[in-house]
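Just below is one structure, and these are the notes that go with it.
Readers should treat all values here as calculations from the given coordinates under stated rules, not as data from a laboratory. All values reported here derive from a predicted model rather than from experimental measurement.
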Ligand SMILES: NC(=O)c1ccc[n+]([C@@H]2O[C@H](COP(=O)([O-])OP(=O)(O)OC[C@H]3O[C@@H](n4cnc5c(N)ncnc54)[C@H](O)[C@@H]3O)[C@@H](O)[C@H]2O)c1
Ligand SMILES: [Zn+2]
């Protein structure tokens, strides 16, 4: 559904269904829409809705005041709680601070948590919302491209344990997701490009036509054209929502295809020094690796690999590891075997069969993976 400058994606999850609104420069419309979402539930409806905005130290100074004032003008009782920006804040310690602030502000079961920020804020505030008083209403207000197209959709919330990323978490679907693509203007360029890697991923795994759309609109994507941004964000949300609707709690295995490129990517992220690669950059390289693997196994021809490389390069994403990173195939292999998604040491990959379709391949011979790594790590 859409009007001229707004797209709406409906996520159909029975009583947990919700809307994703995608607009540009409409933060001032947020309160009205959020109130409508709350009003749909008799037990949350209130003349004076209560909310706590959770944001981080980069995003709060940019958009915190606008959202706060917009809600107050609409009659909400609302506070802003700010955490330090960065992945380190996705912790139980920060969750504890949010609980403290909720107690302090005499929050009750009607208090709505509004997550204003990237995936870190969304996952953390979402986890606090899932657990405080056995569950508070949550609204996602994502401000990074990764959060727009990935983390804010699907209901996975959680924090890191010192021994493992995303080890503590829950499924907690939001009441709604409000995406204002104008927020991306202030995003560091590298974070924008990282988000684009996940957008390309949706095209490869699910939708050849969308992949083609991306190929045809490279210049406007690079120029952050508002109309094209709304289109790629809403299409990505729709594609992710389709998967989540089929496999909300990650039981059927379907949700696994969203991990295309991620087995390689996680190994690179773990093995490269901090800050060397963003998640999206690692995914871009990992998708090309997975495609090379598929080609080697006779599942696709070179053309499918080359189209992905070309699109990723046009979007200024890397397709091989940076020159200064030197990893041996053995190190990468053993890291992949430790991946929590690896079952009994068997190497499982999501591999394309063509642009727009992938399959889960459960038992890829280690030797073939080794050969691909040798070839790819030596940048041949
Ligand atoms: N729940 C899920 O399904 C899911 C899926 C994918 C990723 N994630 C999680 O998402 C997190 C990564 O999210 P991310 O990439 O958005 O990182 P992030 O939240 O750390 O944001 C990246 C940086 O951009 C800043 N920022 C955010 N919005 C901005 C804006 N509009 N203008 C200027 N600066 C801005 C942030 O302060 C931060 O410094 C990871 O923790 C990952 O595990 C979760
Ligand atoms: Zn990812």
Theoretical gain in end-to-end length, residue 74 to residue 251 [0.36 nm per residue, Cα-Cα removed]: 59.6 nm
Among 163, 346, 134: highest mean-square fluctuation, GNM of the chain, C-alpha pairs under 10 Å: 163
Cα centroid separation - the stretch 136-152 against the stretch 212-241, whole Å: 17
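Grab the Cα-Cα distance for residue 306 and residue 374, subtract it from 0.36 nm times how many residues apart they are, and report the gain in nm with one decimal.
Additional length available on full extension: 22.6 nm.
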Distance between the stretch 65-95 and the stretch 266-306 - C-alpha centres, whole angstrom: 36
DSSP-defined beta bridges in the chain - what % are antiparallel, rounded to 5: 45
Anisotropy class of the stretch 254-380 from Cα gyration tensor, a/c 1.5 cut: rounded
Helix 119-131 axis, angle to the chain major axis (alpha carbon atoms, nearest 10°): 60
Cα long-axis angle, helix 329-338 against the chain (0 to 90 degrees, to the nearest 10): 40
Helix axis angle, 262-271 relative to the chain longest principal axis, alpha carbon, degrees: 90
Cα centroid separation - the stretch 319-365 against the stretch 164-208, whole Å: 22
